[in-house]
Ligand code: 1HE
C-alpha cells in the first residue's frame, strides 16, 4: 500500500496486522529524504491505526537511506534553514514519541539523515551490509534532523565528532560494537529479524511500551532524585493497570513463560 506519497509505503503484518511496516520506497535515489518524504513519515506515524502495536521502518533497494536529498538543498536564509530543520525534528519526534515502539531494519547506507531517522527509532537491527556515516561534515553542512541530540546518546559525542570531522565510516560490525545497532544479523535478514522483534514488542502490555517510549528517555535525563520519583510514578501507573495484574497472576499460576536463555 502506498501512502499519500508513493515514495513511502505502509503495510500491516502479523496475525492481527498489529505491526506496521513502513518502507522508504525511493531506491533510485537511495531513499534520499526529500521534504515530501519527511512529511509523509510524519503523517504515517501520526495516523497509525489503533490496532497497530509496533512498527518497523526499512528501505527498499540496496540501501536503507542516503540522508537528506541534496538536490533540494536550495538557497535558504538562516530563518528558513531553522524552520526546515525544525520540520525534520517534528517528523522524527512523531517516530520517537509516537504511539508505538519502532524497530529500524538497516542495510547498506545508513548515512546523514538516514542515521538520524534510524536514531529516532527505539531499536536498530543491522545486517552485515550496513555502513554508517555522517557526511554532513564533508559536505560543509551540519546535522539537522536531531542527530546531534540522538546520535551521542547511542555512541557518545566523541565518536560522533570523529565521524563528522574525519568522515569516518563505520562498518556493520563496528557499528554494532559502538552501539549504533543493537542487533547484527546476516545480510538480507534484518527485516525478518525486525518484524520478529516488533511482533514480540506488540505482545507487551501497552502501558509498558508507553513507559519505555515516553518515561524512560525523560527519566534518563532527569537528576537522580527526580528520575527516581518519576520512575516510582510510572511503575505505580503501570502496575495498577488490569493487564499487569493479569500477567503477574498468570506467572504465579504457572501459565506464563519463564525467563529462559536463548
Ligand atoms: C542522492 C543522494 C542524496 C544518492 N541526495 N540524491 N547524504 C550523503 O551525502 C550521501 C550521498 N550518497 C552517497 O554517498 C551514495 O549515493 C550512497 C553511498 C548512499 C549510495 O551509493 P550508490 O553507488 O549505490 O548510488 P549513487 O550512484 O551514488 O546514487 C544513485 C542516485 O541517487 C544518483 O542520482 P542519479 O540521478 O545520478 O542516478 C545520486 O545522485 C542519487 N543520490 N544519495 C540526492 N543524499 C536533516 S539534515 C541531514 C543532512 C544529511 O543527510 S547530509 C548527508 C547527505
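The values are calculated or read from the model by the stated rules, or taken from the named source; none is laboratory data. A quick note: this is a predicted structure, and the numbers were derived from the prediction, not measured. Note that we place each Cβ from the backbone using ideal geometry, even for glycine, and neighbour counts take in every protein chain shown.
List of remarks:
- Residues in region 1-10 that are assigned to a strand (DSSP E or B) and at pLDDT 95 or above: 8, 9, 10.
- Condition broken by residue 91, with the remaining ones in (1) buried (at least 23 other Cβ atoms within 10 Å of the Cβ); (2) away from the ligand (no atom under 12 Å from the Cβ); (3) assigned to a helix (DSSP H, G or I) satisfied: (2)
- Looking across region 63-80 at every residue that is outside any loop (DSSP other than H, G, I, E, B) and touching a residue at least 60 places away in the same chain (Cβ under 8 Å), the one that is surrounded by the fewest Cβ atoms within 10 Å (Cβ to Cβ) is identified as 70.
- Qualifying residue in region 151-173 (condition: more than 12 Å from the ligand (Cβ to nearest atom), closer than 18 Å to residue 27 by Cα, outside any helix (DSSP H, G or I) and in contact with a helix residue (DSSP H, G or I) (Cβ under 6 Å, 6 or more places away or on another chain)): no
- Near pairs, Cβ below 8 angstrom, 6+ apart or cross-chain, from region 198-227 (more than 23 Å from residue 183 (Cβ to Cβ)) to any residue that is surrounded by fewer than 12 Cβ atoms within 10 Å (Cβ to Cβ): 227/220
- Test for residue 109: is it surrounded by 24 or more Cβ atoms within 10 Å (Cβ to Cβ) and within 12 Å of the ligand (Cβ to nearest atom): yes
- In region 124-149, the residues that are closer than 21 Å to residue 63 by Cα, modelled with pLDDT of 95 or more and not in a loop (DSSP other than H, G, I, E, B): 124, 125, 126, 127, 131, 132, 133, 147
- When residues of region 11-56 are limited to those that are assigned to a strand (DSSP E or B) and either surrounded by fewer than 18 Cβ atoms within 10 Å (Cβ to Cβ) or within 16 Å of the ligand (Cβ to nearest atom) (or both), the one nearest to the chain's Cα centre (by Cα): 24
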